Amino acid sequence: MIIRHIQPLFYCLIFLFFSGCAQKTTVVLLPDPNGQVGHITVANKAGAVDITHSSEATVVAGQESKPSTPEILTEDQIAAKFSRVLTTLPTQPEHFVLYFQTNSTELTAESQKMFPLILQSIKNRNSENISVIGHTDTVGDRDYNLVLSKNRASSVSHILVQNGVPSAYISTTSHGKENPLVKTGDNVSEPRNRRVEVVIR
Amino acid sequence: MKILPGIALLIAFVLACSEHSLAQTESFGIVKSVSGEVLISSTQRSVRAAPNMKIVQGDSIKTGEGGDVGLIFEDDTVVALGPNSEMKMESFLFSPVDHELSFVARLFKGTFSFITGQIAKLSPKNVKFETPDATLGVRGTKLLVEIH
């Protein structure tokens, strides 16, 4: 009686095993938004395969079988499986860097002009998650620069709020002189390090 | 009747506090878009995903039959999960100053698209996607994965 029940299940499993219905992983490489094509290594117990060309794919069926020899997929083949995740994929966050006068929370004239672009980006992306990160150059001691970088971030955040961005959307952090854009010795005045980075997600 | 606004204020306050404490647990990503049923779960919680919800270490993201979700991570990595998909963030470290960089995600089933971010640029050997069939080492790029 029991065997009669188990038998169909057993045949089912055999069928799945040989029909290729068993689980498998397909990996496809595409150019990034700048047109650059990277490199993926697909590896398991049975071996490794590199895919290095645009639209190239490999298929792996289980840890015990080697990834298949890479093959270029057509646009239609890619769309058939992946059109939905390609549409859903968010655009990468946008970054803006604003520069400051020396030892001051006053923006350079050039950077003041950036705000319309920043506000437009927040609007276009419908962003409710904005990071404002303050930095200084290495003139002065650590504590002084922590305060200065914090004040720089606050002043940028304040301008955004004045222009209608809800403050709850903004998180400000400050790195003082610890995270320079351009590496310098201590006590070096470097305009490119006196900055606030705005990241719009 | 006067008590109602008071209660509303209290609820708002409690919500604001819980939101705050959630943000304190080192969030490293956000939900950018959701459609259909999508769950974010860990040993601590299981919630329906909504836009701008934060993602923390150990979170699993799971989509239902007709669901999909778009995620953005701190290092600019972007991810989409199609219907019937599941992924878990095993490790995310993004502290370039301390050279602490890692992006490890486990992909269980479904369809995925990724554009890798700054971690892949700064330390490609620390970016890994684990699927049931293989491990993917990824050097700065856009990729698609289907497990089915």
Task: Total residues in the range A:39-55, condition crowded, with 18+ Cβ neighbours inside 10 Å, of a type in the set (Val, Ile, Thr) and outside any strand (DSSP E or B) - done: 0
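Would you call A:Thr105 closer than 25 Å to B:Pro51 by Cβ and either crowded, with 18+ Cβ neighbours inside 10 Å or not hydrophobic (A, V, I, L, M, F, W, C) (or both)?
Details: closer than 25 Å to B:Pro51 by Cβ: no; either crowded, with 18+ Cβ neighbours inside 10 Å or not hydrophobic (A, V, I, L, M, F, W, C) (or both): yes.
Spelling it out, it is not the case that A:Thr105 is closer than 25 Å to B:Pro51 by Cβ and either crowded, with 18+ Cβ neighbours inside 10 Å or not hydrophobic (A, V, I, L, M, F, W, C) (or both).
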- [ ] Sort out which residues of the range B:118-137 are more than 7 Å from chain A (Cβ to nearest Cβ) and either open to solvent by 10 Å² or more (accessible area, probe 1.4 Å) or part of a loop (DSSP other than H, G, I, E, B) (or both), and write them in order of number.
- [x] B:Gln118, B:Lys121, B:Leu122, B:Ser123, B:Pro124, B:Lys125, B:Asn126, B:Lys128, B:Glu130
TODO: Give the number of residues within the range A:139-184 that are within 14 Å of chain B (Cβ to nearest Cβ), open to solvent by 60 Å² or more (accessible area, probe 1.4 Å) and more than 23 Å from B:Phe28 (Cβ to Cβ).
DONE: 2
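Can you find a residue that is of a type in the set (Asp, Glu), outside the structural domain of A:Leu29 (by TED's automatic domain parsing) and either surrounded by 14 or more Cβ atoms within 10 Å (Cβ to Cβ) or under 25 Å from the mean Cα position of the chain (by Cα) (or both) anywhere in the range A:126-138?
For the range A:126-138, residues of a type in the set (Asp, Glu), outside the structural domain of A:Leu29 (by TED's automatic domain parsing) and either surrounded by 14 or more Cβ atoms within 10 Å (Cβ to Cβ) or under 25 Å from the mean Cα position of the chain (by Cα) (or both): present.
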Open item on the list: Please go through the range A:72-105 and give me each residue that is in the same structural domain as A:Ser55 (by TED's automatic domain parsing), among the β-branched types (Val, Ile, Thr) and more than 25 Å from the chain's Cα centre (by Cα), ordered by number.
Closed with: A:Ile72, A:Thr74
Open item on the list: Looking at B:Gly58, B:Gly140, can you tell me which residue is open to solvent by 20 Å² or more (accessible area, probe 1.4 Å), at the interface with another protein chain (Cβ under 7 Å from one of its Cβ atoms), touching a Lys or Arg at 6+ places or on another chain (Cβ under 9 Å) and at pLDDT below 95?
Closed with: B:Gly140
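The values are calculated or read from the model by the stated rules, or taken from the named source; none is laboratory data. Since the structure is predicted, the reported quantities are computational estimates derived from the model, not experimental observations. Note: ideal-geometry Cβ built from the backbone for every residue, glycine included; neighbour counts use all protein chains shown. The accessibility values were calculated without ligands, DNA or RNA, using every heavy atom of the protein model including side chains. Shrake-Rupley method; radii C 1.70, N 1.55, O 1.52, S 1.80 Å.
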